Amino acid sequence: PGDQAEPDPTKKTLVILGTGWGAVSLLKKLDTENYNVVVVSPRNYFLFTPLLPSCTTGTIEHRSIMEPVRNFLRHKKASVKFYEAEATKIDYEKKVVYVNDDSEVKGATSSTEIHFDMLVVGVGAENATFGIPGVREHSCFLKEVADAQRIRKRIMDCCETATFKDQSPEERKRLLHMVVVGGGPTGVEFAGELQDFFENDLKTWMPEIADEFRVTLVEALPSVLPMFSKQLIDYTEQTFKEETIDIRTKTMVKNVTKEYIEAEYVGADGKKVLEKIPYGLLVWATGNAVRPVVKDLMSQIPAQADARRGLNVNEYLVVKGAENIWAVGDCAVANYAPTAQVAAQEGAFLARLFNQMAKTEEIETELKNLSNAQETATNKDARDQIFGNIKDLQKRLRRVNSMGPFEYSHQGSLAYIGSEKAVADISWLTGNIATGGTVTYFFWRSAYLSMCFSTRNRVLVLMDWIKAKTFGRDVSRE
Ligand code: FAD
Ligand code: NAD
C-alpha cells in the first residue's frame, strides 16, 4: 500500500536528486501521474535559503524556513517515493544511481541502487574553499541549517568565553572579533544580521563586551556585492561604515589557522603585505564549488570535457552528451548566476516539459491506434470519422509540441544589509530600479515572506520577527 507500492511498469521512472530550489519547484508543478517518480536527497526538507542568514542570530528559528518534503509530496495526485539518501554515483550508461544512507541511524541496508529512465540532477553545489589551508577545519560555512546553528552557538560561545574571569585583553579582543570572508550576498547579509544582533540585543544583555565586539568583512575584489549596481555598492559600503562593520576589500585570505587568518593586500608602497588577523568566529562565504557526484558524472561524459563550474546543459536543460539526464540549479551551467530564482524557474520549466512529453507520448499512442483502426475499418463513414479524429489529434500534438526552450526572466536582486536597510536592483515595467534603505527593507521583508514555501512557513517567520522585536533575540548558547 501507499509508499511501498510497486512501480507501474507502463510508466517511465523519473528520478529526481535533491530537495532544494530546483528539485522542489519541479515537483510542485509536475503531474506525478505520468511517471514513477522517485526523489532522493540527504535532506528530507526544503530550505528557504534567503532567510538562512537570519537563523544565525536567532532573528528567525530555523524550523520556520524548513518544509518537510513528505508534507507536500503527500498532496500530489500520484504517490511519489522519497528516499533520504545521498547519490554517490550516477552511471549514465547503465541508467543507475547509487545511493547511500548517510544519516545517523542505519538499517541492515544502507546503500543500494536505483534504476532510472529519466534523471534530474538538482544536487546544488558545495562550499568553495579554493584549497586554502585550514578553511574546512576552522571556519563555519553558511549553506545548511546545521551551519546556521553552529554559527549561532559559536557567537554566544565567543561572547561568554571572552568574559571568562581573568581573560587577557588580547584574548578578549580576539574572541570578540567576528570575521566574514567573502563579500558576496551571503557574506554581506550575514555581517549585517550579526551587527544587528550586537546592536539590538547583545550590547544590552552583555554591556561588558560593548566596546570590543567587532565585525570585519574581507573581500578579495575591489568592492562587495559585485552583482549590484555601483550606486547600491556605495550605499552598502556607506551603511556598513555607519554600522561600524569594517570592510577590507582587495584583501585575499591565503591561510587559516585556529586563531587567525592570513590575508594578503597591496600596501601603500605597492608591496604585498601578509597580515595576521585574529578571530573568534570565522564565517567562510566565498561561493560555490562542484559536488563530487557531479564531478564524477562530468568525467564520464566526453561532451562535458570542457565543463568546469558544473554540468553544461542545452537550452532544454538536457545535460550535454547524456540523453535522458537533465540538470537544474547550482549544479547546472546555463549562463545564469547560481541563484534560487534561476533554480526555481528551471525546475518549473522542467515540470512543464515533462508534463508535455507525457502528453505527446499519450497522443502518439492514440494516433497509432487510430491509424491501425482506420486501416482495418470497412465502412466509409467509420473511416471518415477516424480520419477526422486523427486530424484533431495531429493539431493537438502540434500545439503540445510547440514548447520553446528555457528562458530566464530576471526579477531583480535583493539583499539585506543590516540596521533595517536592504538593497534592491529590480526589473520593472519601466526599466531597472536601484534602491536602498528602509522602504526597500519593508519591500525585502514582504517579498521574502510572500516567497516562503507554505502558509505555515509564512506564519512562523512572521511570528519569529514579532518575537525578536518584542522580546529580543534569544542569547542562550544552544
Ligand atoms: P539547493 O537548494 O542547494 O539544493 C540541493 C539539494 O540537493 C539539497 O536538498 C541537498 O540536500 C541535495 N543534495 C546534495 N547532495 C546530494 C546528493 N549527493 N544526492 C542527492 N541529493 C543531494 N538565491 C537567491 O536567488 N536569492 C537569495 O536571497 C538567496 N539567498 C541565499 C542565502 C544563502 C545563505 C545561501 C547559501 C544561498 C542563497 N541563494 C539565494 C542561493 C540559492 O540558495 C541557491 O542558488 C539555490 O539553493 C540553488 O538551488 P538548487 O536546487 O540548485 O540547490
Ligand atoms: P559569491 O560567489 O557571490 O561571492 C563570494 C565572494 O568571495 C566573491 O566576491 C569573491 O571575490 C570572494 N572571495 C573568494 N575567495 C576569497 C578569498 N580567498 N579571500 C577573500 N575573498 C574571497 O558567493 P555567495 O555570496 O555565497 O553567493 C553564492 C550565490 O548565491 C550567488 O550567485 C549569489 O547571488 C547567491 N545568493 C544570493 C543572495 C541574494 O540574492 N540576496 C544571497 C545569498 C546568495
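The values are calculated or read from the model by the stated rules, or taken from the named source; none is laboratory data. These numbers were taken from a predicted model, which means no experiment stands behind them. Quick reminder, even Gly has a Cβ in these numbers, built from the backbone with ideal geometry, and neighbours come from all protein chains shown. All accessible areas refer to the heavy atoms of the entire protein, side chains included, with ligands and DNA or RNA removed. Shrake-Rupley method; radii C 1.70, N 1.55, O 1.52, S 1.80 Å.
Within the range 151-159, is there a residue that is surrounded by fewer than 16 Cβ atoms within 10 Å (Cβ to Cβ), in the same structural domain as Leu225 (by TED's automatic domain parsing) and part of a loop (DSSP other than H, G, I, E, B)?
No - not one qualifying residue is present in the range 151-159.
Would you confirm whether any residue within the range 437-447 is farther than 28 Å from Tyr45 by Cα and among the aliphatic types (A, V, I, L, M)?
Yes, that holds for at least one residue.
Just checking, which of Lys258, Lys165 is more than 16 Å from ligand 2 (Cβ to nearest atom), under 21 Å from Phe130 (Cα atoms) and exposed (fewer than 15 other Cβ atoms within 10 Å of the Cβ)?
Residue meeting the stated conditions: Lys258.
Name the single residue, out of those in the range 182-216 being among the aliphatic types (A, V, I, L, M) and within 16 Å of ligand 1 (Cβ to nearest atom), that is farthest from the chain's Cα centre (by Cα).
Leu194
Looking at the range 66-105, which of its residues are open to solvent by 70 Å² or more (accessible area, probe 1.4 Å), part of a strand (DSSP E or B) and either out of contact with any strand residue (DSSP E or B) (no Cβ under 6 Å at 6 or more places or on another chain) or farther than 30 Å from Gly321 by Cα (or both)?
Glu84, the sole residue that qualifies.
Out of all the residues in the range 193-231, which are within 12 Å of ligand 2 (Cβ to nearest atom), open to solvent by less than 40 Å² (accessible area, probe 1.4 Å) and out of contact with any Pro (no Cβ under 7 Å at 6 or more places or on another chain)?
Within the range 193-231, Thr216, Leu217, Val218, Glu219, Ser223, Val224, Phe228 qualify.
Here is a list: Ser427, Ser476. Which entry is in contact with a Gly (Cβ under 7 Å, 6 or more places away or on another chain) and modelled with pLDDT under 90?
Working: Ser476 fails: in contact with a Gly (Cβ under 7 Å, 6 or more places away or on another chain).
Of Ser427, Ser476, the one residue that is in contact with a Gly (Cβ under 7 Å, 6 or more places away or on another chain) and modelled with pLDDT under 90 is Ser427.
Just checking, which of Lys143, Lys153 is over 17 Å from the mean Cα position of the chain (by Cα) and not polar (S, T, N, Q)?
Just a single option satisfies the conditions, and that option is Lys153.
Taking Phe190 as meeting all but one of (1) within 10 Å of ligand 2 (Cβ to nearest atom); (2) in contact (Cβ under 8 Å) with a residue 40 or more places away in the chain; (3) assigned to a loop (DSSP other than H, G, I, E, B), write down the number of the exception.
(3)
Restrict the check to the range 109-122 and report whether at least one residue is farther than 21 Å from Val328 by Cα and either open to solvent by 80 Å² or more (accessible area, probe 1.4 Å) or within 12 Å of ligand 1 (Cβ to nearest atom) (or both).
yes
Here is a yes/no grid of residues against (1) under 19 Å from the mean Cα position of the chain (by Cα); (2) within 12 Å of ligand 1 (Cβ to nearest atom); (3) of a type outside the set (A, V, I, L, M, F, W, C):
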{"position": "Leu282", "(1), (2), (3)": "no, no, no"}
{"position": "Lys295", "(1), (2), (3)": "yes, yes, yes"}
{"position": "Leu311", "(1), (2), (3)": "yes, yes, no"}
{"position": "Ala327", "(1), (2), (3)": "yes, yes, no"}
{"position": "Cys331", "(1), (2), (3)": "yes, yes, no"}
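Of the conditions (1) surrounded by fewer than 16 Cβ atoms within 10 Å (Cβ to Cβ); (2) in contact with a Pro (Cβ under 7 Å, 6 or more places away or on another chain); (3) not aliphatic (A, V, I, L, M), Tyr448 clears all except one; give me its number.
Here Tyr448 clears every test but (1).
Just to verify a result, which residue in the range 458-478, among those that are farther than 10 Å from Thr59 by Cα and of a type outside the set (A, V, I, L, M), is surrounded by the most Cβ atoms within 10 Å (Cβ to Cβ)?
Only one residue fits best here, namely Arg458.
Mind checking which strands (runs of 3 or more DSSP E) fall wholly inside the range 7-54 and carry at least 3 residues that are over 30 Å from Ala191 (Cα atoms)?
Answer list for the range 7-54: 12-17, 35-41.
Of the residues in the range 445-472, how many are among the charged types (D, E, K, R) and farther than 18 Å from Asn71 by Cα? Steps first, answer last, please.
Step one: of the range 445-472, the residues among the charged types (D, E, K, R) are 445, 456, 458, 464, 467, 469.
Checking the rest, the ones that are also farther than 18 Å from Asn71 by Cα come to 445, 464, 467, 469.
Residues flagged as among the charged types (D, E, K, R) and farther than 18 Å from Asn71 by Cα within the range 445-472 amount to 4.
So for the range 329-337 (the condition being modelled with pLDDT of 90 or more, hydroxyl-bearing (Ser, Thr, Tyr) and out of contact with any strand residue (DSSP E or B) (no Cβ under 8 Å at 6 or more places or on another chain)), does at least one residue qualify?
Yes, because at least one residue in the range 329-337 is modelled with pLDDT of 90 or more, hydroxyl-bearing (Ser, Thr, Tyr) and out of contact with any strand residue (DSSP E or B) (no Cβ under 8 Å at 6 or more places or on another chain).
Can you confirm whether the range 438-445 contains a residue that is crowded, with 16+ Cβ neighbours inside 10 Å and touching a residue at least 40 places away in the same chain (Cβ under 8 Å)?
For the range 438-445, residues crowded, with 16+ Cβ neighbours inside 10 Å and touching a residue at least 40 places away in the same chain (Cβ under 8 Å): absent.
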